[in-house]
Amino acid sequence: MPTTSPSALREGGSNQGDTLPVKSRPAIAVVVILGGLIALAFSLALSISVGAANVSLATVWEAVFNYNPELQEHLIVHELRMPRALAGALTGACFAVAGALMQGMTRNPLADSGLLGLNSGAALALALCFAFAPGMPFMLIIVWCFVGAGVASGIVYGIGSLSRGGLTPVRLVLAGAAVSALFTALSEGIAIYYRIGQELAFWYAGGLAGTKWLQLDAILPWTAAALAGAMMMSRSITMLSLGEEVASGLGLNIGRTRVLALILVLVLAGTAVSAVGAVAFVGLLIPHVARYMVGVDYRYIIPASAVLGALLIVLADIASRMIAPPFESPIGALIALIGVPFFLYLARRERREL
Amino acid sequence: MDTEMLHQSARRRRSKALFMLAVLLILIAIVFLISMNAGSFRMSAGTVLNTLFGGGTDKEELILFEFRLPRICIALLVGAGLALSGCVLQGISRNGLSDPGILGINAGSGLVVLLFIAFYPTTDAAPVFALPILALVGACVTALIIFGLAYKKGEGIMPSRLILTGIAIAAAISSVTIVLMLRISPEKYQFAATWMAGSIWGSTWTFVLALLPWVIVLGAYMMVKARSLNVLALGDQLASGLGARVGGDRSRLLLVAAGLAGACVAVSGGIGFVGLIGPHIARRLVGPRHEALLPTSALCGALLMLVADTVSRALPMSSEIPTGIVVAVIGAPYFLYLMARSRA
């Protein structure tokens, strides 16, 4: 939760123009974002080159910029490794930015996109697909997962705003927890009754394996637009993160900002969940890391989150293939392995009350 | 407001709380009777009463006294215990999303049980007594790890740090769980998944007797500390301003909440939802003061568990659907309805 202490308000100086009353570290932010992008480029190259059959970096360069479908190595790089690496980077950015939006909007450091019911909705749709229409084509399953995520978040939003007094962050969080519990229970029940639990777990833990250009082409336009939209909204999100009174005092249309941000979260996290399953910890962890580095201004947190989230998933994906080849370790486990110690460190530094 | 009016409003609040408690008790009694009829062997209400007072056949007595009654008692105790634990945790951490899960209790006990199942040769002969004890050990060890990491000299256990630490540890444990779950055989997976979704596992009188003292003693301690909970729920600054010694009471209450939830999870599997939802429902019925909130939470939790257990036994595909799932399917819509209606 960003601080709204009086001192922070004072340090911001005037509230006009582009200045927002929050602490931020623009210089560090630029370093983090640029450094992150360079590291991301390197890890993408590494991700493409390592695997069951190692391909040299020179060949990777050749295959990307001088593609020759006759060569088997080029084929591996182009058809298997590249979509996988790019999908990892894209979904990492999506989860992290969606988490940052949720945390800024609800002012709750425990919030992430799972709280809108997205993960549980997608999981329920997946369980229904496996139970009642086994052998459904891959693309169709992804579409249904997205529909499930959309329905769940629609219910959360609907119930949150139906109640007297309108949609408050507290209500959004509680409705999200209840709807998630309900949908998770339903999909667990289906999984146990139809004995498909382990199949579902494989799908969910499978992560990026088997990602093709087809999926990437399908999600890229939506997520790219939503990422750009999140960047454009970052100023409003910063205002919202200061609390409603401050935000409306600064002239923000709170209701409209909230709806727009929720739609962005749905598009970002919904597509990411549908494509690679719930790698939920990224959305919770990365915004905290970004905030720790660049301060509490969302104009820097959002791009930094995007870069760091992409980096984390690409690295975790490399590790998942390196640990015990040809067996792939679940990517969610590796993200927890990398992320948990850091999160513990942040938690120990935490002095504020929630 | 003068003293007379204060007294009056206090009296009104107390009578409202007593009324709610009475309603809940009556509801529990009704569901109790229905629950004894439910199951694959149908018994009419008359037969049940007849058997209770010693007039039934041997078969009827066996089913009622050895299978249904202990299971009903366990459901009531577990529901009350988890709801009490969740109520205390939400009060201390001042976060509505807290439940026994933030102490890592579900994750820890689940992992230990899973380890046992994974390395135990068969599933059918799994010893009845080993699982609850292992689950209790797992729950306590995890809670202690989280307390240890969240503890800082001079400050004690800060609620915000506790929650963040709990999330991190639970995430780490569940990632290990995922890896293990993918590697065990399908039959073992089915058993482990059912346990983790929360099914009442130890339904014999031994477990009732083992669980009863935990719920009574620790629940009574919480009731005694209801006043400190009211103060703690106001936040640290206000609490120490009112002269409460914040640190000591908070640590003791946290330990008590962890112990109670651990004992419950040991016999019931990972039913976390009662601990989240019971206190919320109670708060919307009787308000935020813990003197009324604690007993109401306990009864709400007990009622919810009993209803869920009855439904899961009465369903045509009985014994396949774990109680924990029914709890969420019944509890979540009711909670959402309460939330949509209320202002706060």
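Here, each number is a calculation from the coordinates, and none is a lab measurement. What you see is a predicted model, and the numbers here were worked out from it, not measured in a lab. Reconstructed Cβ throughout: ideal geometry from the backbone, glycine too, with neighbour counts over all protein chains shown.
Between 0 and 90 degrees, the angle of helix A:197-206 with respect to the longest Cα principal axis of chain A falls at about 80 degrees.
A quarter of the convex hull surface defined by the alpha-carbon atoms of the range B:185-238 gives 6.6 nm² as the mean projection. For the range B:1-107, applying the loop criterion from DSSP together with a ceiling of 11 other beta carbons within 10 Å to the chymotrypsin sites (Phe, Trp or Tyr not before Pro) yields B:53.
Entry note, the protein assembly as shown: the mean residue ellipticity at 222 nm calculated from DSSP H runs of n ≥ 4, each adding -39500 (n - 2.57), is -25000 deg cm²/dmol after division by the residues and rounding to the nearest 500. Taking a span of 24 Å or more along the helix axis (Cα atoms) and a mean Kyte-Doolittle hydropathy of at least 0.0 as the rule, the DSSP H helices of chain B that qualify are B:3-37, B:69-93, B:130-150, B:159-183, B:205-224, B:246-268, B:290-314, B:323-341.
Quick one: check the C-alpha center-to-center distance for the range A:191-261 versus the range A:27-69, whole angstrom. Centre-to-centre (Cα) distance: 26 Å. Could you give the distance between the Cα centres of the range B:219-297 and the range B:57-106, to the whole Å? When both Cα centres are located, 15 Å separates them. Charge dipole (Cα centre; +1 on Lys/Arg Cβ, -1 on Asp/Glu Cβ; no other charges) of the range A:25-331 amounts to roughly 800 debye. From the largest down, chain A spans 63, 49, 36 angstrom on the principal axes of its Cα atoms. Give me the percent of Cα-Cα pairs in the range B:154-197 that sit more than 15 Å apart, rounded to a whole number. Percent of Cα pairs beyond 15 Å in the range B:154-197: 58. Summarising the label geometry, the points placed 7 Å from Cα in the beta-carbon direction at residue B:119 and residue B:251 lie 3.3 nm from one another. With one equal scatterer per alpha carbon and no solvent term, the Debye-computed log10 I(q)/I(0) for the range B:2-111 at 0.14 1/Å reads -0.83. The orientation-averaged shadow of the Cα convex hull for chain B, equal to a quarter of the hull surface, comes to 19.7 nm².
Here is the link list: A:23/B:153; B:153/B:225; B:59/B:188. Which ones come out longer than 27 Å on Cα distance? Long pairs (Cα-Cα over 27 Å): A:23/B:153; B:59/B:188. Building the convex hull from the alpha-carbon atoms of the range A:176-283 and averaging its projection over directions returns 8.7 nm².
With the charge dipole of the protein assembly as shown set up from +1 on Lys and Arg Cβ and -1 on Asp and Glu Cβ about the Cα centre, the Cα lying farthest toward the positive end among the listed residues A:229, B:134, B:103 is that of B:103. Taking only alpha carbon atoms, the range A:39-88 gives an Rg to Rh ratio of 0.92, where Rh is the Kirkwood radius. Residues A:167, A:46, A:118, arranged from fewest to most other Cβ atoms within 10 angstrom of their Cβ, appear as A:46, A:167, A:118. Legend: P(r) of the protein assembly as shown from all alpha carbon pair distances, 20 Å bins from 0, whole percents, reading 17, 50, 28, 5, 0. Within 15 Å, Cβ to Cβ, of residue A:120, how many net charges do the neighbouring residues add up to if Lys/Arg are +1 and Asp/Glu are -1? Overall, the nearby charge balance is -2. Rounded to the nearest 10 degrees, the angle from helix A:331-349 to the longest Cα principal axis of chain A is 30 degrees. So how tilted is helix A:82-106 from the main axis of chain A? Cα-based, degrees 0 to 90, rounded to 10. Its long axis makes an angle of about 20 degrees.
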